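Student: Quick one: structure below, then a few questions.
Values in this text are rule-based calculations from the coordinates and carry no lab data. Here the structure is a predicted model, which means the values were calculated and not measured. All Cβ positions, even for glycine, are placed from backbone atoms using ideal geometry, and neighbour counts span all protein chains on display.
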Amino acid sequence: MRLYIKQKVITWRDKFSIYDEKKKEVYKVKGEWISLGNKLHIYDKNGKEVGLIREKLLKILEKYEIELENGENYELKEKITLISSKYKLEPVDLVIDGGILEHNYSIKDGRKTIADIHEKWVSWGDTYCIDIKEKVDPVLIVAIVIAVDCIEAERKKKKEEEGKDSK
C-alpha cells in the first residue's frame, strides 16, 4: 500500500491531507487552534475521528502519544544517539530509523521493514511518500510519520532561533 502525505503550507494550524495511489483523499489531519503542545486529530474520508496525536509536555527527550479509535495507545519516544535521530514506538517495540532529517527513513519491527518513508522533492510544502510493506493499520503509520515530522520541525525551528540569537 502506498500513501502520500501532503502538508498544507498556508494555514494557521497544522493540516495534512493523506491520499492513496489513485490520488483520492483517505485521511485528513488537523491540529487544534489552541492547545498546550501539539495536538492533532486524524479523520477518515467520512469525517470520523480515527486517531489522535498528542505531544507530551513534561519530558527530557521528545515524546508523543498516539491513540487510535480502536482503543490502542502508543508512545513515540526519541532515543539518544550520537549520529542521527532515532525513535521507538512502545509498547509494540517498533524502531523509526534512517535519514530522518532528510525525510528518508524506515519503520522496522526487528529486522523486518514495515514501512519506508521518503520526501518528494518536486512539491510545494512537505509531501511524503509512505510505502507500507506489511499488514499494519495505516492510521498508525500516518500518525508516526506526522509525529516525527512535528518533532523535526520543532527541532529545526529551535536551531533557527538559536542561530538568530547568536548573531
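Student: Taking Rg/Rh (Cα atoms, Kirkwood Rh) as the quantity of interest, determine which of (i) 1.21; (ii) 0.94; (iii) 1.02 was computed from the displayed structure.
Tutor: The calculated read-out lines up with (ii).
Student: Of the candidates G71, G47, G99, which one comes out as most mobile in a Gaussian network treatment of the chain with C-alpha springs shorter than 10 Å?
Tutor: G71
Student: Now for a different question. Run the numbers on the range 1-113 and let me know its relative contact order in percent, using alpha-carbon pairs under 8 Å that are six or more apart.
Tutor: Computed over the range 1-113, the figure is 11 percent.
Student: Which one of N70, I80, N104 has its Cα pushed farthest toward the positive end of the charge dipole of the chain, where Lys and Arg give +1 and Asp and Glu give -1 at the Cβ?
Tutor: N104
Student: Under a cut-off of 19 Å between alpha-carbon atoms, report the lysines in cross-link reach of K108, not counting same-chain residues fewer than 8 places apart.
Tutor: Within the straight-line limit of under 19 Å, K108 reaches these lysines: K63, K77, K79, K86, K88, K133, K135.
Student: At 37 °C and 0.692 mPa s, what whole-number value in µm²/s does Stokes-Einstein give for the translational diffusion of the range 62-111, with Rh from the Kirkwood sum over Cα pairs?
Tutor: My calculation gives 283 µm²/s for D.
Student: Sticking with this one: Gaussian network model of the chain, Cα springs within a sub-10 Å range: biggest mean-square fluctuation belongs to which of I100, I42, I34?
Tutor: Looking only at I100, I42, I34, the biggest GNM fluctuation is shown by I34.
Student: Counting only GluC sites (Glu not before Pro) that are in a DSSP loop and have at most 10 other C-beta atoms within 10 Å, tell me the longest site-free stretch of the chain.
Tutor: Segment 22-101 is the longest.
Student: Given the options L76, L57, L68, which has the most mean-square fluctuation in a GNM of the chain, springs set between C-alpha atoms less than 10 angstrom apart?
Tutor: L57
Student: Note down the magnitude of the dipole of the chain about its Cα centre, charges +1 on Lys and Arg C-beta and -1 on Asp and Glu C-beta and zero elsewhere, to the nearest 20 debye.
Tutor: 360 debye
Student: Continuing with the same structure: Using only helices, what value at 222 nm comes out for the chain when you add -39,500 (n - 2.57) per DSSP H run of length 4 or more and divide by the total residues, to the nearest 500 deg cm²/dmol?
Tutor: Value at 222 nm, helices only: -6000 deg cm²/dmol.
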